[in-house]
1. Out of all the residues in segment 576-597, which are in a helix (DSSP H, G or I), more than 32 Å from the chain's Cα centre (by Cα) and buried (at least 20 other Cβ atoms within 10 Å of the Cβ)?
2. When residue 427 is evaluated against the numbered criteria (1) in contact (Cβ under 8 Å) with a residue 12 or more places away in the chain; (2) in the same structural domain as residue 542 (by TED's automatic domain parsing), which criterion, by number, is the only one it fails?
3. Condition test on residue 79, is it surrounded by fewer than 21 Cβ atoms within 10 Å (Cβ to Cβ), free of Cβ contacts under 8 Å to residues at least 60 places away in the same chain and over 25 Å from the mean Cα position of the chain (by Cα)?
4. If you check 309, 245, which single one turns out to be more than 15 Å from the chain's Cα centre (by Cα), within 16 Å of ligand 2 (Cβ to nearest atom) and farther than 26 Å from residue 135 by Cα?
5. Do we find that residue 118 is assigned to a strand (DSSP E or B) and touching a strand residue (DSSP E or B) at 6+ places or on another chain (Cβ under 6 Å) in this structure?
6. Among (1) surrounded by 24 or more Cβ atoms within 10 Å (Cβ to Cβ); (2) more than 16 Å from ligand 1 (Cβ to nearest atom), there is one condition residue 387 misses while meeting the rest; what is its number?
7. I'm told residue 535 meets every condition in (1) assigned to a helix (DSSP H, G or I); (2) surrounded by 21 or more Cβ atoms within 10 Å (Cβ to Cβ); (3) in the same structural domain as residue 466 (by TED's automatic domain parsing) except one. Can you identify the failing condition by its number?
8. For segment 266-291, enumerate the residues that are touching a helix residue (DSSP H, G or I) at 6+ places or on another chain (Cβ under 6 Å), within 15 Å of ligand 1 (Cβ to nearest atom) and not in a loop (DSSP other than H, G, I, E, B).
Ligand code: DPP
Ligand code: ZN
């Protein structure tokens, strides 16, 4: 593929007014007629041709105002259709007919088949696989869609908008027509046809519009869609209450399919979901599954305003809809659950997924300026960092001005395809604040490093903070300007109360936000009665790495007294990380591994503190991951040493905390029917944390095996199985439990994914052989993205010791898998390959093997644009 540059953006020469699509569906040969009304944009040369996008299409007809276009006036290539000799000013109609096979569409982009159902995925550039079209987000048109299909196998015919009508055609086929009154870009087009079950409900909007809500799933799975439906209704209500946004059609539909590249897709009025994010019941879904379903249902629904009503001018603006919509779904989940616990989970995810991306060869700005393959920019940087940037706008402006800016955005840009600059301008207009420096967050890649140190002057009662920010170089950006970093903070006095400075100089402070805007800044607080302990980045107000050397004692003070719960967790996490980094170094040099008593005391104090909610205490007990430790060390990493060090710390905590953990396991047990709410989930989480430390201290599989046999929900069952498999991979109890689990859930693919993932993450070098064996299990299916992700993806992303084998076999295995997957599904292959994004931070033997494996991929012939883009950037 060619590199696309933001600076080359220009509007289309022709304006598309209306689209009429007629599909004659057939698994082997589907025929599509697209009738499009265009007019030449004012000022465009009368000889300019119309250029449409295409991808793997066979064109069977081309008409201009119903007359065949002579061969001399058009040219069709692999990826474009160019038509000349078009009317100068008058509107004209182009009719393109294409024919192609949905059945052989294994890329899962465009229109394809999944379990005998026709479905579509058009974001980002899938619509061009259906017909020649101006397939870009700034082309907004009104669509009418006619669908013709075999009535017996496809009784259900769905598309965007409102249902117009349908009829039997008398030849075994029937048709249905849909009309979507809202102008939309082609990436929001959707079509579903097949035989599915439905769950029906309704919602009345604040202004009194009755909306039918339909969730379509495979027959027999209807009861498992109840939680998704409930989450949908809560999302609709929340968006009215918090953002003042109502739904705008008479029907909202969700279809769950089992073969899907992404999590879900926000097509106008017809969302299509990976069934993993729709189907749930206590027997088969974990608490994490429920939380994900709630978040993703909300996310896609919220896109109706942030993405669909207001869309992106071009794909460089992807964060305009994604960062903002992730922010909205985060806020929704925070309101539905515990805000502090939700924030901790978000930050853990950001640090373990986005920070490594930002620190490696795939780093890119939230709003990139160039791409080769847009599919590769659906990244945690665009999504999660994009959300953090939105959150910072809210932090800087405060709640009311942020709301005013959002209202202005909806008012100004409804029905438009806009840019990040348009978005920012709304907040500047609403607040009167200049956000120019702040906008660097969209343009500069890399996680800023903030270093801080403080000195206390007892005589003057002043506390002086020296702050410095650096933004590391990233590919294509060697030097960076200082950013506007909003750091929420508090100064804690030795008794745990918060100091109230009488005056501050050297920085703008609003509420508890310190605005760091210079490369170096010295901030002086007056009227501080004794030496304070600074607590920085409350609520993780800025996505930065913070280097502040603090004693365990000071961190413990924060952990006990901060009013911000997130900051308490952050202090404990930092204390744990200090220990884990030290332990990794000790393991590497063969020294005895020492665990600081202060850490053990602080963790156990928090874990046993009944005033704190169970979910929070469980987060405290969950130590930084091996990836987190590796990132903190930064370079020359040895995953085996990191693992060994971490195990030793876990063992020390387990031994010291036996009584606490035994008490937690008892006190946190639940009786009565399963409930997926946040409180019950928190109790299960804390109980399982306690259990895992107890099993650790015991050194015997008995407790885990008991937990496995007595579990009455998937959360407890899968936790028990994980404990057995990870701690006692070769025990008879483990083999038995794995067999029981497999037998019981063999016909539930989503649960079998857990069975694969648990085994793929067993620590140690021998897991590769296990993964290889599992690939020939009859339940594995190399063409289903969820299966491939659960086994191959999980192994590469989440098994540090197994994947990073010192002999390089893990990398060689992955390289072959990538090449194989790439022949069917390039997007999936490229995504799994990003698991190697941190290869340069490994010690040199592993890094050498990783490089060879990447080079092997790069050398292969017929690589997709998706994989070749990733591998080239990784090797650069
Ligand atoms: N636009 C989808 C989402 O993030 C992903 N394709 O919701
Ligand atoms: Zn999205």
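The values are calculated or read from the model by the stated rules, or taken from the named source; none is laboratory data. Since the model is a prediction, treat every value here as computed from it, not as a measurement. Counting neighbours? That spans all protein chains shown, and the Cβs are built from the backbone with ideal geometry, glycine included.
1. Passing the criteria: only 587.
2. (2) is the only condition that residue 427 fails.
3. Judged against the criteria, residue 79 is a match.
4. 245
5. Answer is yes for this residue.
6. Looking at each condition in turn, residue 387 falls short on (2).
7. Condition (1) is where residue 535 drops out.
8. Within segment 266-291, 271, 276, 277 meet the criteria.
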